[in-house]
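The values are calculated or read from the model by the stated rules, or taken from the named source; none is laboratory data. In this text, all values refer to a predicted model and were calculated from it rather than measured experimentally. Here the Cβ is made from the backbone with ideal geometry for all residues, glycine too, and neighbour counts use every protein chain on show. The accessibility values were calculated without ligands, DNA or RNA, using every heavy atom of the protein model including side chains. Shrake-Rupley method; radii C 1.70, N 1.55, O 1.52, S 1.80 Å.
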Amino acid sequence: QTIGFSQIGSESGWRAAETTLTRQEAEKRGIDLKFADAQQKQENQIRAIRSFIAQGVDAILLAPVVATGWDAVLKEAQESDIPVVLLDRQVDSSDDLYLTAVGSDLHHEGVVAGEWLVGEVGDKECNVVELQGTTGSSPAIKRKAGFEEGIAGHDNIKIVRSQTGDFTRAKGKEVMESFLKAENGGKNICALYAHNDDMAVGAIQAIKEAGLKPGSDILVVSIDAVPDIFQAMAAGEANATVELTPNMAGPAFDALAAFMDGGTVPPKFIQTESKLYTQKDDPMKVYEEKKGLGY
Amino acid sequence: MNGTMRFLRRVAPQIATLAVVLLLIGFVFPGFFDLSFANGRLYGSPIDILNRGAPVALLAIGMTLVIATGGIDLSVGAVMAICGAIAASAITAGYGLPATLLMALGAGLACGLWNGVLVAVVGIQPIVATLILMVAGRGIAQLVTEGTILTFTNDGLAFLGSGNLLGLPTPVVIWLSMGALVTLLVRRTALGMLIEAVGVNRRASMLAGVNARLLLVTVYMVSGLCAAMAGIIVAADIRGADANNAGLFLELDAILAVVIGGNSLLGGGFSLVASLIGAIIIQSVNTGILVAGFPPEFNLVIKAVIVLVILVVQSPAIHGAGVLFSFARRSP
Amino acid sequence: MTSGQASTLLTASGLTKTFPGTRALDGVDFELHAGEVHALLGENGAGKSTLIKCLTGAYRRDAGDIRLDGASIDPHNTLDAQSLGIGTVYQEVNLLPNLTVAENLLLGRQPRRFGFIARKAMNGEGREMLSRYGLDIDVARNLDTYSVAIQQIVAIARAVSLSGKVLILDEPTASLDRDEVRMLFDVIRGLRREGLGIVFISHFLDQVFEISDRLTVLRNGRLVGVRDVAGLDRLQLVNMMLGRELAEETRDHGRTGIDYAAEPRIRFSGTGRSGAIAPFDLDVHRGEVVGVAGLLGSGRTETAELMFAAAPKDSGSVTKNGKVLRLASPRDAIAAGFGFSPEDRKTSGIIADMSVRENIVLALQARIGWSRRIPRRRQREMADDYIRRLDIRTPDAEKPIGQLSGGNQQKVLLARWLATNPEFLILDEPTRGIDVGAHAEIIRMIEELCANGMSLLVISSELDELVAYSHRVIVVRDRAHVAALVGQDITTDRIVSAIARPTNLEAAQ
Amino acid sequence: MNARMLPFYATVVIFLIAYAICYIQFPAMLSTRVIGNLLTDNAFLGIVAVGMTFVILSGGIDLSVGSVIAFSGVFIAVMLRDTSMHPLPVFALLLSITTLFGAAMGLTIHALQMPPFIVTLAGMFLARGMAYVLSVDSVPIVHPFYEWVQSTYWLMPGKGRLTLIGGMMLLVFLAGILLAHRTRFGTNVFALGGGVQTARLMGVPVARTTVLIYALSGLLAGLSGIVFSFYTSAGYSLATVGVELDAIAAVVIGGTLLTGGSGFVAGTLIGVLIMGLIQTYITFDGTLSSWWTKIVIGALLLGFIVLQKGLVGLTGRSAGTAGGR
Ligand SMILES: Nc1ncnc2c1ncn2[C@@H]1O[C@H](COP(=O)(O)OP(=O)(O)OP(=O)(O)O)[C@@H](O)[C@H]1O
Ligand SMILES: Nc1ncnc2c1ncn2[C@@H]1O[C@H](COP(=O)(O)OP(=O)(O)OP(=O)(O)O)[C@@H](O)[C@H]1O
Ligand SMILES: [Mg+2]
Ligand SMILES: [Mg+2]
């Protein structure tokens, strides 16, 4: 059995882990996985899928870089009777164009992070600074909206500054530095919400270098649950992270197998858990579990 | 004396531009110019700008020389990623700091050698030759880190990114010394003149006995070395090598710095100091946008407009009209 | 032809043009009649090229009035001038090397069919235009596959075809040989008969006397005078141009005094490259001037480039004082004491954006090595010294060489090589575009240099000049060295006949 | 044979050899499907590369095109979403905007004597910034006209599809070839590439030509944006990052000199197809990791360029024109 996998790229540790796990899962099941890295470009993904179709693969996994613009190519796959499973992100095409989607709810992740903060600060006044993901990327948009929903109705919590940190550590650190400068050396900031852990890790360094204690002077909540954030949590420098599991391929292969062998049509959305980790969850243990996964 | 005057006149537009940009930032963000001395170093936004500007400033040094020969080096961002990755993996593999630095800098030199050979010996056009390493280099960096962010804990290496030296952040000291060193090297020897000659007319220079090939290779190697230093600083700063994002699009900022520094992309006469001021102007704009607190979707438009205004004001056509010139003459 | 009733075609009055540091034109008046050839004379840097650039809109003048056929005109660019019927050949060959010959000839007015360029018609027309000059070449090939001389003819042909009323030629004959010049003059006479006004700039006084009817002399950007050529005394003219006396040059033919029995300083044996130049043997002695004569494209430049290792040779060897030299690049040649001033100064000679000073010290600095910079003060001294000795017209040594007049650029290049004090200096068309005063100066210098023991190889299309200073003249034809003339044999006639037909030397080989 | 055509022939030969090698390894690569895909998938790149060819031939460079494509997509999507206009007038509006944008860059380059690299770099920031300002979110396009265009194709034997946008690219190339090599404007473009100063002295209307060249590039970038919007039925401000570099690479592989003045529009088509072939080959192989993908692309790029240089050098020498410097 040959399955094509169109991956977005390798822009973050999380994505590298997803690729690694997909490969592992395919190997476990004896699947011949054709991997195509799109270097963050939708046009490359569309190209790859059409090549898969031309090659006559049995199924296609697609981690779409953006929600829109898949109708035509998905239709083409359907006309060639090749089932498509979406991984980790959604598309806004009609749902009969793909078999199923495995993923977490980006919006929901933001909500979980927001609700955690609400529970943590109670009625205290709290100024939040936000490190957004890459401008225009769907995680950035949805995680922002979700977080705002999570803190809605709690007027004591305000987002005072919000800038893009491009999902990277270096930008996270640089932008956090300017936040600290602009907000009275950080004394006005009560919490940091970062759209991914990498930016949080960078920001934590900036906070430390400014002479403040991340985790206590400034609360840190972020999303993804990559290994490094657990180290930070173990050191008391980060407070919470919402997990986005990189193992989307396992459920996807299972659903595909069930469909192809027995014709079982899976549900249209297989949601993975958006688990919240805090310092109470024995971060070092989670770190040890995760660190071999190619993050 | 004469030389000093000429130098001041050369960099006057850049200094004036920098002053205007800084004043603008000071306007939207009052506490901007506050400097304080604590924990054995200077603190304050201007210092932050010098610090954050370190990678682009370093790249601009090499880029200025490459551009002076009429070339361009698009690969510097990727070389940064490679060298950062090598530094991080060497230090986590247990090599000492000196060995690590040697390996990373050596990798930068090797990348420069590669570019230089493609340009000078094989005869591929610089933009294409370096495009190849730009594409492949990031892959090589990821090969080293295997796609992960390679974190390390070595304080010695981290010192290069976030330590203090002589009352300044280490990166500032590094780029200032590198800038001074290269400036001395090209101006105290004949290198500067020979580089310019090759940039203006390679054939005529060769017929006059200039070893254009060697010179070109050297210049790309210097660029590689500068990129390696920038890569090490960036990795040391975040205590990890991010092969995918380290130095991403920085080649454009570096080229921009050189041009804002008033250097011609066609090659020939150049001023390193002006390029360095150009780099600081760019970083000031970036920092200004960050502290101003606009929504991020406006970042690019603002940057584009500011850059355009700077370039238009500095353009030779306007310059001829003497607008900036009269202003510049009053300023020092 | 030049009678008083001749109608005035083009007049300029009070033309002024200032460059930073230089007043290139200072209230110059100029008048061109229909049906006359009007020579424009003056030293290097007098302002001749600037005058015609102002007339044709290539430069914007600062002040002054231009009239064509009595109506005031104000060309903003060369396109305007062209549409007014003024065709121009600018001093440096200003054509596009990357276009075909035909495209160059017809740029902007290519024949079209249905809006698209008709290639066949264009090439046909191009061939037609060149045939007038006895040139039968493949016009569909890129211009840069042809030599400077051919490019010059193409530029002339283009300008002639553009000139409905006025034709301006800025040193068109600088790289042409006699036959080409004769052909060109025939064309010019034809145009004169048709009633065109022709402006002719040249430093060759013979040619001026041969072709022109009247002349205007400029000095330091000012008008010195206008004269009818008929009856004008040559010496008087020179004095007018220079503003000082210049002793009439008298020379013996064929110089001697070289000890040919001694071992030669440089010996080329069997040096050649297939397709470029047939293998040749050549000895150059101490203090000797070897002249090289030949038609354009005959292989003179190739000879020089091969000697200097600027082009690879595929056979032969070079020895200096009996020791074999390994010359793989110009650097090697320079290290061995060679120098080479190339023919095409624009692309191979000057470093346009750099100052006169830097251009002068470049070769010396390159030889010394990058690490030991010649101190700035020393550079200035050297530059000022050569500026004075060669009478280079520039406000100061810091002016970019690209802004100097053509002849002055040539002098700077000469200075570059003199500064390295070479043992064997190769000069390809060294006097091209140089005024009479400087010409005499350079010839004197060549003689002085060889008296001091330098060996020279000089390529020139001016046979008189070769005759004047050569100890020996090599004649090149069809990419092979075909004759060598020594001593009393060196006369213009003999050279011409050696160029024209086989000699016994060829038979002996 | 004309010596100036050598780089073009070399490119064609290299392309055929490369295709043959691919075919030997993966026979499916010679299917009409793959050929149809090559045309469709690279349509937007091809169109924008035609404009880039003109810019590069004139000795310039246009870094803004990738951003302009993204801007075009977002503009179309937002207009179709927020107004009731038919796509065709929206296209007309968009094309005039991008053409004017290009013309403005050309004017800046000419009038202020600024290097194209920098002007178009600022243009690149500006266009993408404007796309962000229009919409950060990706905006789907739903319109019957789009559906019609997408479902209109010629089904070749073997189920390959020749789509409208693929055909559009071929048409643009045809027009580009005629414009570059058979019109006075085209010759003027080459003339600028040969030397602006000289071209001016020869009476080439430098200002007009420069403005027109960048306007043309803007126009084609807009057209490419339209094609891209058909391709993805959406507008997205982060789309087509770095396409300018792909376009430049395609132009250069196609045998055009980056210094200007020499090259072929038809070569660019081959260049685009070679780039597409590299991508297809890597997907067919399907075993490369993300990083090896980048390295292999770089290596193949190098291989093509060196091979081309070698081929041109060899044949150039044996053709025996000694005048070649
Ligand atoms: N573009 C320029 N910028 C500055 N100075 C210039 C420029 N062009 C010419 N000049 C100066 O103007 C003066 C006149 O130059 P021009 O070229 O007209 O001389 P010319 O009479 O043609 O000399 P030649 O016989 O050597 O060609 C010279 O001193 C020259 O240095
Ligand atoms: N009549 C011609 N037909 C075709 N090609 C020619 C002709 N004359 C010259 N060439 C080309 O021009 C090149 C120049 O040759 P070269 O420079 O050695 O000649 P030269 O004797 O120095 O003449 P010049 O007076 O032009 O400098 C040659 O390689 C040849 O290809
Ligand atoms: Mg002149
Ligand atoms: Mg010659």
From the option list A:A252, A:A203, A:A257, single residue qualifying as surrounded by fewer than 24 Cβ atoms within 10 Å (Cβ to Cβ) and part of a helix (DSSP H, G or I) is A:A257
Residues of region C:141-167 being in a helix (DSSP H, G or I), out of contact with any Pro (no Cβ under 6 Å at 6 or more places or on another chain) and of a type in the set (A, V, I, L, M, F, W, C), which ones?
-> C:V148, C:A149, C:I150, C:I153, C:V154, C:A155, C:A157, C:A159, C:V160, C:L162
Name the pairs: first residue in region C:37-58 and away from every other protein chain (no Cβ under 14 Å) and farther than 20 Å from C:I211 by Cβ, second residue within 16 Å of ligand 2 (Cβ to nearest atom) and in a loop (DSSP other than H, G, I, E, B), Cβ to Cβ under 9 Å, at least 6 apart or on different chains?
-> C:N44/C:G433
Can you tell me how many residues in region C:286-299 are away from every other protein chain (no Cβ under 14 Å), open to solvent by 10 Å² or more (accessible area, probe 1.4 Å) and either within 12 Å of ligand 4 (Cβ to nearest atom) or modelled with pLDDT of 90 or more (or both)?
-> 1
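If a residue has to be closer than 14 Å to A:Q132 by Cα, facing chain B (nearest Cβ under 7 Å) and of a type outside the set (A, V, I, L, M) to count, how many in region A:167-177 make the cut?
Total satisfying the criteria: 4.
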Within region B:282-305, the residues that are within 12 Å of B:L18 (Cα to Cα) and within 14 Å of chain D (Cβ to nearest Cβ) are B:I282, B:V285
Return yes when B:R138 is open to solvent by 10 Å² or more (accessible area, probe 1.4 Å), within 14 Å of chain D (Cβ to nearest Cβ) and under 21 Å from the mean Cα position of the chain (by Cα) and no when it is not.
-> yes
Out of curiosity, is D:S138 modelled with pLDDT under 90, open to solvent by less than 30 Å² (accessible area, probe 1.4 Å) and under 15 Å from D:Y236 (Cα atoms)?
-> yes
Just give me the residues in region B:253-262 being open to solvent by 10 Å² or more (accessible area, probe 1.4 Å) and either assigned to a loop (DSSP other than H, G, I, E, B) or closer than 24 Å to B:T170 by Cα (or both), in sequence order.
-> B:D253, B:G262
Does any residue of region D:216-229 turn out to be closer than 21 Å to D:V12 by Cα, more than 13 Å from chain B (Cβ to nearest Cβ), surrounded by fewer than 24 Cβ atoms within 10 Å (Cβ to Cβ) and touching a residue at least 12 places away in the same chain (Cβ under 8 Å)?
-> no
Filtering region B:293-332 for residues that are assigned to a helix (DSSP H, G or I) and at pLDDT below 50 leaves a count of 8
Can you tell me which residue within region C:130-150, out of those that are within 8 Å of chain D (Cβ to nearest Cβ) and open to solvent by less than 70 Å² (accessible area, probe 1.4 Å), is nearest to the chain's Cα centre (by Cα)?
-> C:S147
Scanning region C:260-314 for residues that are small (G, A, S) and in contact with a Pro (Cβ under 7 Å, 6 or more places away or on another chain), the one farthest from B:M206 (Cα to Cα) turns out to be C:G270
Condition set within 9 Å of chain C (Cβ to nearest Cβ) and open to solvent by 10 Å² or more (accessible area, probe 1.4 Å), scope region B:181-193, selection farthest from B:Q125 (Cα to Cα): answer is B:R188
Taking region D:25-39 only, how many residues are open to solvent by 30 Å² or more (accessible area, probe 1.4 Å) and either outside any helix (DSSP H, G or I) or touching a Phe, Trp or Tyr at 6+ places or on another chain (Cβ under 9 Å) (or both)?
-> 5
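Condition first: acidic (D, E) and closer than 22 Å to A:T278 by Cβ. Can you find one or more residues in region A:253-261 that meet it? Outline the logic, then answer.
Filtering region A:253-261 down to residues acidic (D, E) leaves A:254, A:261.
Add one more test, that the residue is closer than 22 Å to A:T278 by Cβ, and what stays is none.
Looking through region A:253-261, none of the residues is acidic (D, E) and closer than 22 Å to A:T278 by Cβ.
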Check on D:A191, crowded, with 24+ Cβ neighbours inside 10 Å, within 11 Å of another protein chain (Cβ to nearest Cβ), within 14 Å of the chain's Cα centre (by Cα) and assigned to a helix (DSSP H, G or I) | no
Whichever residue in region C:24-37 is assigned to a strand (DSSP E or B) and either open to solvent by less than 20 Å² (accessible area, probe 1.4 Å) or under 10 Å from C:T50 (Cβ atoms) (or both) and, among such residues, is nearest to ligand 2 (Cβ to nearest atom) = C:V37
Residues satisfying the stated conditions in region A:144-165, i.e. part of a strand (DSSP E or B) and more than 14 Å from every other protein chain (Cβ to nearest Cβ) = A:I157
Members of region D:285-325 found to be farther than 17 Å from B:I132 by Cβ, more than 10 Å from chain B (Cβ to nearest Cβ) and at pLDDT 75 or above, listed by number | D:D285, D:G286, D:T287
Which listed residue, of C:R113, C:R67, is open to solvent by 50 Å² or more (accessible area, probe 1.4 Å) and either facing chain D (nearest Cβ under 10 Å) or touching a helix residue (DSSP H, G or I) at 6+ places or on another chain (Cβ under 9 Å) (or both) = C:R113
Restricting to region C:300-333, what's the tally of residues that are more than 16 Å from ligand 4 (Cβ to nearest atom) and open to solvent by less than 10 Å² (accessible area, probe 1.4 Å)?
-> 2
Under the condition of being within 14 Å of another protein chain (Cβ to nearest Cβ) and open to solvent by 10 Å² or more (accessible area, probe 1.4 Å), which residue from region C:417-458 is nearest to ligand 3 (Cβ to nearest atom)?
-> C:L418
Out of all the residues in region A:13-27, is one or more open to solvent by less than 30 Å² (accessible area, probe 1.4 Å), at pLDDT 90 or above and among the basic types (K, R)?
-> no
Could you run through region A:28-38 and say how many residues are under 18 Å from D:I282 (Cβ atoms) and either out of contact with any strand residue (DSSP E or B) (no Cβ under 8 Å at 6 or more places or on another chain) or open to solvent by less than 20 Å² (accessible area, probe 1.4 Å) (or both)?
-> 4
Scan region C:342-354 for residues that are more than 9 Å from chain B (Cβ to nearest Cβ) and either open to solvent by less than 10 Å² (accessible area, probe 1.4 Å) or touching a His at 6+ places or on another chain (Cβ under 6 Å) (or both) and report the count.
-> 0
Result of the Cβ filter at 6 Å on region C:168-184, keeping first residues that are assigned to a loop (DSSP other than H, G, I, E, B) and open to solvent by 10 Å² or more (accessible area, probe 1.4 Å) and partners that are within 16 Å of ligand 1 (Cβ to nearest atom) and not hydroxyl-bearing (S, T, Y), at least 6 apart or interchain, is C:E171/C:Q91; C:E171/C:I201; C:E171/C:G433; C:A174/C:R432; C:A174/C:G433
